[in-house]
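For reference, the structure discussed in these notes is given below.
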Number of protein chains: 2
Amino acid sequence: MCEANVYLLDKNGKETLVLDSVDKVIPDKDEIILENIYNERKTVRARIKEMELVEHRIILESID
Amino acid sequence: MCEANVYLLDKNGKETLVLDSVDKVIPDKDEIILENIYNERKTVRARIKEMELVEHRIILESID
């Protein structure tokens with residue numbers, strides 16, 4: 001399966017796991033809607049900083 | 001491998017393949033920088049509309 005783990009990067013450069021096994025990622029204005037393969041949903045006030053799909057990593061950064 | 005195919009959605013709802021086997025996706029202002037597992041790079045003036053990682057699909061939409 002090709003889901004990814006989504007991390008939030010804070011201003012000190014620390015990454016915190018937001019949601020694992022994410023399938024769907026939908027940006028919406030200042031938010032990112034995440035949905036994983038277990039049908040868990042989270043909405044994060046952030047933007048996408050970068051994605052490394054082969055590494056199963058998506059990095060978000062907070063919006064002030 | 002968990003790379004994705006990146007499609008650009010036009011105003012008529014038609015999807016065009018931009019780059020296949022994409023590993024890295026880096027949004028940068030009004031652009032999206034794509035890099036695939038063959039080290040091909042493309043920069044597209046677009047924003048991310050949605051991603052379905054299990055389906056290996058990333059949909060971009062053009063910025064006017």
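The values are calculated or read from the model by the stated rules, or taken from the named source; none is laboratory data. Note that the structure is predicted; figures quoted are calculated from it, not measured. Note that each Cβ is placed from the backbone with ideal geometry, even for glycine, and that neighbours are counted across all protein chains shown. Accessible surface is based on the protein model in full, side chains and every heavy atom, while ligands, DNA and RNA are left aside. Shrake-Rupley method; radii C 1.70, N 1.55, O 1.52, S 1.80 Å.
Taken over segment A:19-64, the criterion of being open to solvent by 70 Å² or more (accessible area, probe 1.4 Å) and under 21 Å from B:ASP23 (Cβ atoms) is satisfied by A:ARG47, A:LYS49, A:GLU55. Residues in segment A:1-12 that are over 21 Å from B:LYS49 (Cα atoms) and either open to solvent by 50 Å² or more (accessible area, probe 1.4 Å) or among the hydroxyl-bearing types (Ser, Thr, Tyr) (or both): A:MET1, A:ASP10, A:LYS11, A:ASN12.
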